[in-house]
């Protein structure tokens, strides 16, 4: 699968829709190891990652950690 740099999403929106999303957005900086959200948390947010990587991880009841996606 080709890596998507994320900017294609914005190219699919017309100027008005893109501005609507940007005007409602909150800019946040996360450091390596920070959690964006946790499993089971009630969230109504969407994340747009400008740069860097996000890992999707799973913690088992036995204490093991598994990377599901990068």
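Suppose we filter segment 52-70 for residues that are at pLDDT 85 or above and closer than 19 Å to residue 9 by Cβ; how many remain?
Within segment 52-70, residues that are at pLDDT 85 or above and closer than 19 Å to residue 9 by Cβ number 4.
Restricting attention to segment 46-69, which residues are surrounded by fewer than 10 Cβ atoms within 10 Å (Cβ to Cβ) and out of contact with any strand residue (DSSP E or B) (no Cβ under 8 Å at 6 or more places or on another chain)?
If the condition is that a residue be surrounded by fewer than 10 Cβ atoms within 10 Å (Cβ to Cβ) and out of contact with any strand residue (DSSP E or B) (no Cβ under 8 Å at 6 or more places or on another chain), then 46, 50, 51, 52, 53, 61, 62, 63, 64 are the ones that fit.
Taking interchain pairs and intrachain pairs at least six residues apart, which have beta carbon atoms under 8 angstrom, with the first residue in segment 1-15 and on the phi > 0 side of the Ramachandran plot and in a loop (DSSP other than H, G, I, E, B) and the second modelled with pLDDT of 80 or more and surrounded by 10 or more Cβ atoms within 10 Å (Cβ to Cβ)?
Taking only residues 6 or more apart or on different chains, the pairs are 6/48; 6/49.
One line per residue, one yes/no per condition, for (1) surrounded by 10 or more Cβ atoms within 10 Å (Cβ to Cβ); (2) closer than 26 Å to residue 59 by Cα; (3) within 13 Å of the chain's Cα centre (by Cα); (4) modelled with pLDDT of 80 or more:
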{"site": "4", "(1), (2), (3), (4)": "no, no, no, no"}
{"site": "11", "(1), (2), (3), (4)": "no, no, no, yes"}
{"site": "18", "(1), (2), (3), (4)": "yes, no, no, yes"}
{"site": "23", "(1), (2), (3), (4)": "no, no, no, yes"}
{"site": "28", "(1), (2), (3), (4)": "no, yes, yes, yes"}
{"site": "37", "(1), (2), (3), (4)": "yes, yes, yes, yes"}
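Give segment 39-70 a look and list any residue that's in a loop (DSSP other than H, G, I, E, B) and either over 15 Å from the mean Cα position of the chain (by Cα) or on the phi > 0 side of the Ramachandran plot (or both), or say none.
Listed by number, the residues that qualify are 40, 42, 52, 60, 61, 62, 63, 64.
The values are calculated or read from the model by the stated rules, or taken from the named source; none is laboratory data. As the structure is a prediction and not an experimental result, all values here were calculated from the model. Using ideal geometry, Cβ is built from the backbone for each residue, glycine included, and neighbour counts are taken over all protein chains shown.
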